[in-house]
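The values are calculated or read from the model by the stated rules, or taken from the named source; none is laboratory data. Everything numeric in this text was worked out from a predicted model, so none of it was measured. Here the Cβ is made from the backbone with ideal geometry for all residues, glycine too, and neighbour counts use every protein chain on show. Please note that ligands, DNA and RNA were not included when accessible areas were found on the heavy atoms of the full protein model with its side chains. Shrake-Rupley method; radii C 1.70, N 1.55, O 1.52, S 1.80 Å.
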Amino acid sequence: MARVAIVTGGTRGIGKAICLALKEQGCRVVANYGGDDAKARAFTAETEIPAYKWDVGDYEATIAGCAQVEQDVGPIDIVVNNAGITRDGVLHKMSWEDWNEVMRINLGGCFNMAKASFPGMRERGWGRIVNIGSINGQAGQYGQVNYAAAKSGIHGFTKALAQEGAKYGVTVNAIAPGYVDTDMVAAVPQPVLEKIIAKIPVGRLGHAEEIARGVAFLTSEDGGFVTGSTMSINGGQHMY
Ligand code: NDP
């Protein structure tokens with residue numbers, strides 16, 4: 001029986017590559033997204049993977065969204081918490097709203113998705129949760145106290161939930177990508193991006209598919225002895 005996998009923020013960027021890798025691995029994949037209906041429609045037309053719209057930072061919406069997925073597709077076996085946003089700015093100029101929105105979606109989304117799916121995985125004795133962190137949650141980044149705090153929080157969340165899931169066959173891991181060529185990175189001004197690339201030992205940005213291969217391994221049967229870990233996929237930019 002194919003495993004049911006849900007990828008938040010799965011309709012573009014890294015999430016889309018993860019959806020395709022899990023589909024290739026034989027999963028029944030569902031994508032979630034936050035607002036861009038046109039991208040979601042194009043994604044489903046191209047991949048035949050259904051896309052469900054809700055805000056993962058909204059607890060009630062997430063519980064209802066996952067219940068709908070389970071009704072339509074079946075019990076959720078695999079969750080990839082990939083949805084994330086940036087609201088960059090140095091602390092003295094950052095609004096509380098920009099702080100809170102990043103914490104609410106990037107970190108709160110992981111909690112909300114786990115609340116919706118972890119109890120069922122635990123009962124059934126099998127589950128995989130992969131949380132997408134960031135190199136900037138490991139190393140910090142100028143102008144990103146909100147994003148770095150949320151991503152760093154993801155790494156702590158992962159290690160704590162891994163301890164709760166281990167004896168029930170539920171693994172919980174994180175991936176900390178370096179800079180990957182998606183819309184998020186396209187928003188970084190070119191001169192800043194050139195300086196970033198100069199600091200990446202392999203000399204280039206990562207590709208979304210390279211992050212997706214890591215997720216595919218962690219969610220596979222073969223990944224069952226890996227839990228509470230953070231896989232860094234960053235071209236050698238930060239060795240942790
Ligand atoms: P993109 O900006 O390309 O895509 C973000 C995805 O998240 C979209 O599908 C978007 O949906 C969705 N999303 C945003 N807010 C919400 C929400 N409230 N509820 C549900 N879905 C939402 O991001 P990337 O592919 O670049 O990044 C994916 C993940 O990887 C993020 O967590 C990011 O922080 C992390 N990461 C990325 C790096 C990079 O270099 N790109 C580096 C390190 C980490 P919609 O299309 O509807 O807006």
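A few remarks follow.
- Residue within segment 184-199 that is in contact (Cβ under 8 Å) with a residue 40 or more places away in the chain, touching a helix residue (DSSP H, G or I) at 6+ places or on another chain (Cβ under 6 Å) and within 12 Å of the ligand (Cβ to nearest atom) present: no
- Only residues that are surrounded by fewer than 21 Cβ atoms within 10 Å (Cβ to Cβ) and touching a strand residue (DSSP E or B) at 6+ places or on another chain (Cβ under 6 Å) were counted in segment 70-104, giving 2.
- Against the list (1) among the hydrophobic types (A, V, I, L, M, F, W, C); (2) touching a Phe, Trp or Tyr at 6+ places or on another chain (Cβ under 8 Å); (3) in a strand (DSSP E or B), the condition VAL130 fails is (2).
- Restricting attention to segment 14-33, the residues that are in contact with a Phe, Trp or Tyr (Cβ under 8 Å, 6 or more places away or on another chain) and either modelled with pLDDT under 95 or more than 25 Å from LEU205 (Cα to Cα) (or both) total 2.
- Any hit, segment 119-134, residues being within 16 Å of the chain's Cα centre (by Cα), open to solvent by 20 Å² or more (accessible area, probe 1.4 Å) and of a type in the set (Phe, Trp, Tyr): no
- Qualifying helices (runs of 4 or more DSSP H) (wholly inside segment 1-100; at least 1 residues being away from the ligand (no atom under 16 Å from the Cβ) and within 18 Å of MET121 (Cβ to Cβ)): 59-72
- Counting residues in segment 139-155 that are open to solvent by 50 Å² or more (accessible area, probe 1.4 Å) and outside any helix (DSSP H, G or I) gives one or more.
- Among the residues of segment 105-141, those identified as in contact with a strand residue (DSSP E or B) (Cβ under 7 Å, 6 or more places away or on another chain) and within 13 Å of the ligand (Cβ to nearest atom) are GLY109, CYS110, MET113, VAL130, ASN131, ILE132, GLY133, SER134, ILE135, GLY137, GLN138.
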